[in-house]
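> Before I ask anything, here is the structure I am working with.
The values are calculated or read from the model by the stated rules, or taken from the named source; none is laboratory data. Computed from a prediction, not measured in an experiment: that's the story for all the values here. Note: ideal-geometry Cβ built from the backbone for every residue, glycine included; neighbour counts use all protein chains shown. Note: areas computed on protein heavy atoms with side chains; ligands, DNA, RNA excluded. Shrake-Rupley method; radii C 1.70, N 1.55, O 1.52, S 1.80 Å.
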Amino acid sequence: MNDPIMNPQIPSPCYVCEESKLETNLQLMERVQKEAGVNIILALKGFSMWSTFPLVGQYLQGCTASSVWEAKLAKYEMGKEVHAYSPAYKPADIDELVKLVNHISFNSLGQYQRYKDQVAAAGISMGLRINPEHREAETELYDPSAPGSRLGIMAKDLEGVDLSGIEGFHVHNLCECDSFAAERTLKAVEQRFAKYLPKLKWLNLGGGHLMTRQGYDVDHLIATLKAFREKYDLEIILEPGSAVAWQTGPLVAEVVDIVHNEGPIAILDISATAHMPDVLEMPYRPAIRGAGLPQEKAYTYKLGGNSCLAGDVIDLYSFDHELQIGERIIFEDMIHYTMVKTTFFNGVEHPSIGILQKDGSFKLVRKFDYEDFRDKLS
Ligand SMILES: Cc1ncc(COP(=O)(O)O)c(C=O)c1O
């Protein structure tokens, strides 16, 4: 009854970020930074809800950007450190990035050689993304160390190369991983790249450190990072995206119609492909508040999105009552890698964006309309 997500001021559909949950995640990250002596920056690719940046910036050191536009968002909306990594930069990207960033990591020696003089002249710290050839990510789509990966330089390709302008290495091979995966990755880095480490100033350990997930061994992460930092006298940087916004709020949707074909199908006012694409890409089954597995509760429904895509289906869920047209469906944990990936496909109404503030009140920060849809097209 008192569930704040049921606040009638929250429109449907709407992504609702719960400020107190975000702050709890940030406080945990502050502890990791202090106790391990490391710096944590936000990976904008996973969470770019800049209306929360005044809060995020109180705890994290800045952002990492995958592109010029993300670097601008970092610089203009958070205004703290800006780091950049992209698989490849065009000359025009570098012209812009040198005005925006503090660190830049290159994905290849070719890119480093092409841009090093310009970047060094701008006083920006340069790094190389290395490939530790060590696999931890469960889903191949998210595994940068899979064979044939285009991401990162392999140890054998660094042999004999002049790295005099390089101050750091960047490693990213985790995805929703625990601290033991981070420890094994550090071992792989040491095994393949140990001789370079004493000459570096910093080591960026990328994202995928899901330290805010229940059961994550935060003390083990802290001990692992601290030991490595002290051994090599390195500044250690982590750049999580998911972990920052993990479990910080739902996507609120509602039932628009119920049709029948081999069982009841509820059609919602959101679209899996347009508003929660990881459900189809990964794929995964999002949790719905109050719902169970098929047949676990009395009434089982297939839940579908409101686009013409035949496969715009979320999954089967059971409820303890018959669903009603207009009833709210709350998809849990829909803040990271959702808002950043949405599209206007089919012109399905784009979910609004709001914040459930610490005092329990709801603040609508963005509503989309026809003009937004039109202006993205031409
Ligand atoms: C280079 C890099 N850094 C950071 C991240 C953020 O990872 P996560 O959101 O899993 O923490 C990613 C995700 O793909 C990445 O590619």
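> Bin all alpha-carbon pair distances of region 122-277 at 10 Å intervals from 0 and give each bin's fraction as a whole percent.
Calculated over all Cα pairs of region 122-277, the distribution is 9, 32, 27, 15, 10, 5, 2 percent.
> Now a separate question. Does region 19-245 come out rounded, prolate or oblate, given a ≥ b ≥ c as the square roots of the eigenvalues of its C-alpha gyration tensor, rounded meaning a/c under 1.5 and, failing that, prolate meaning a/b above b/c?
Because a/c hits 1.5 or more and a/b fails to exceed b/c, region 19-245 counts as oblate.
> Another question, if that's okay. What aspartates and glutamates could a cross-link reach from LYS75, if we take a straight Cα to Cα line under 19 Å and drop same-chain neighbours fewer than 8 places away?
Within reach: ASP93, ASP95, GLU96, GLU239.
> In region 204-240, whose amide N lies under 19 Å from the spot 7 Å out along Cα-to-Cβ of LEU197? List them in ranges.
204-207, 209, 220-239
> For an R0 of 30 angstrom, estimate the FRET efficiency from the Cβ-Cβ distance between LYS187 and ALA88 and round to the nearest 0.05.
About 0.55, to the nearest 0.05.
> So, counting K/R as plus one and D/E as minus one, what does the shell of residues with Cβ under 12 Å around GLU349 add up to?
Surrounding charge for GLU349 is -3.
> For the chain, with a Gaussian network of springs between Cα atoms less than 10 Å apart, report the residue from ASN306, ASN346, ASN25 with the top mean-square fluctuation.
So, out of ASN306, ASN346, ASN25, the one fluctuating most is ASN346.
> For ARG31 and LEU316 in the same chain, what is the full-extension length gain: residue separation times 0.36 nm, less their Cα-Cα distance, in nm?
Between ARG31 and LEU316, full extension yields 98.6 nm more.
> Given R₀ = 30 Å, what would the calculated FRET efficiency be for VAL256 paired with THR139, taking r from the Cβ atoms and rounding to 0.05?
Working from the Cβ atoms, E equals 0.45.
> Given 0.36 nm per residue, what is the gain on full extension from LEU55 to ASP359 after removing their alpha carbon distance, in nm?
Full extension from LEU55 to ASP359 adds 108.0 nm.
> Could you compute the FRET efficiency for GLN113 and LYS226, with r as their C-beta to C-beta distance and R0 at 30 Å, rounded to 0.05?
FRET efficiency, GLN113 to LYS226: 0.30.
> Another one. Looking only at ILE265, ILE330, ILE153, which one moves most when the chain is put into a Gaussian network model with springs between Cα atoms under 10 Å?
Of ILE265, ILE330, ILE153, the most mobile in the Gaussian network model is ILE265.
> Related question: Report, in whole Å, the centroid distance computed from the Cα atoms of region 346-374 and region 202-269.
Here the answer is 23 Å between Cα centres.
> Could I ask something else about it? List the aspartates and glutamates whose alpha-carbon lies under 13 Å from that of LYS195, not counting same-chain residues fewer than 8 positions away?
Leaving aside aspartates and glutamates fewer than 8 places away in the same chain, those within reach of LYS195 are GLU159.
> OK, next. How many Å² of accessible area per residue for the chain, probe 1.4 Å?
Here the per-residue accessible area is 45 Å².
> Also, I was wondering about something else. Are there trypsin sites (Lys or Arg not before Pro) in region 304-378 that DSSP puts in a loop and that have at most 13 other Cβ atoms within 10 Å, and which ones?
In loop regions of region 304-378 (DSSP not H, G, I, E or B), the sparsely surrounded trypsin sites (Lys or Arg not before Pro) are LYS358.
> For the residue pair ILE325 and SER20, what label-to-label distance in nm results when each label sits 7 Å from Cα along the Cα-to-beta-carbon direction?
Label at ILE325, label at SER20, 3.7 nm between them.
> Among all the lysines, which ones have a C-alpha under 16 Å from LYS226's C-alpha, if same-chain residues fewer than 8 places away are not counted?
Candidates past the 8-residue exclusion: LYS34, LYS187, LYS201.
> Stokes-Einstein D for region 1-136 at 10 °C, 1.306 mPa s, Kirkwood Rh over Cα pairs, in µm²/s?
94 µm²/s
> Still on this model: How much length would be gained if the chain were fully extended between ASN346 and TRP69, taking 0.36 nm per residue of separation minus their Cα-Cα distance, in nm to one decimal?
Using 0.36 nm per residue and subtracting the Cα-Cα distance, I get 97.2 nm.
> Same structure, new question: Considering only DSSP beta bridges with both partners in the chain, what is the antiparallel share in %, to the nearest 5?
In the chain, DSSP labels about 40 percent of beta bridges as antiparallel.
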